[in-house]
Amino acid sequence: MGIDIISLLIKMAAAAAVVVSASLVTERAGPFLGAMIVTLPVSAGPIYVILAIDHGAGFIAEAALVSLASNSATAVFTVVYACAAQRWNATISLGLAAASWAAAAASIALRHWTLVEALALNVTLFVPAIVVTWRLRRAAFTGRIQRRWYDVPARGLGVALLTGTVTLISWQLGPAATGFFAVYPVVFTSLIVILHPRIGGPATAATLVNGLRGLVGFAGALSTLHLMAATFGSAIALAAALAVSVGWNTALLLNARRT
């Protein structure tokens, strides 16, 4: 079956609109609130909706399992960036973080993971990552946010290209490669590129560090999607996965207000 170019462009535009809207809100919400927004499935979610339209529930279930294992590489990405951003500029810090993600994700992709193994891998990497970066979760902005004319188009273009790439890859390479690329931290990357030069590395890092706890909920959402897709269908599984992610982040917000 071939790719409908018009349909693909519409899908890319829709995904970009969702992610750009979330990143604009993040600039005004501060590190913690911003992290709770960007760790919702604003990037992977639209991609999986697209895949659900184009593929069967079995494809979605298998891709979600690969995404779950690959999600743990984002913990490595965040730790490396957060530490580097305390002293280096955006280019160096992001370069080191992206290289670390690629190395971790490539290692993860070498084997087939069961659900239990993928969950254990997430625990093994996220728990130390949260502990190591805990002191970096609060930081003040070091400058005034001034939006440039190309900020929104650049963010939208990046997300649109990722969405289009993942869609095309899914047709060529199957669910394993799709799940691998669907969870590349494109939202975190976008925030680094836009925010680091304007509010400073420590403040940008604080958003990503707070996001580690939100990504635990994202792991739960991927687990839900994997478990439910084959039995209940893609639509119900996607709705349940979204509910898990939103519920987890809402619980974190309520706990933060209470404490």
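Here, each number is a calculation from the coordinates, and none is a lab measurement. Note that the structure is a prediction, hence the values are computed from the model and not measured. A quick note on method: Cβ atoms are made from the backbone with ideal geometry, for glycine too, and the neighbour counts reach across all protein chains shown.
Helix 186-199 axis versus longest C-alpha principal axis of the chain: approximately 10°, rounded to the nearest ten.
The mean sequence separation of alpha-carbon pairs under 8 Å and at least six residues apart, normalised by the residue count of the chain, gives a relative contact order of 35 percent. Net charge around Ala206, counting only other residues with Cβ within less than 12 Å of its Cβ (Lys, Arg = +1; Asp, Glu = -1)? It works out to a net charge of +3. Here the gap between Arg28 and Arg111, fully extended at 0.36 nm per residue and compared with their Cα-Cα distance, gives a gain of 25.8 nm.
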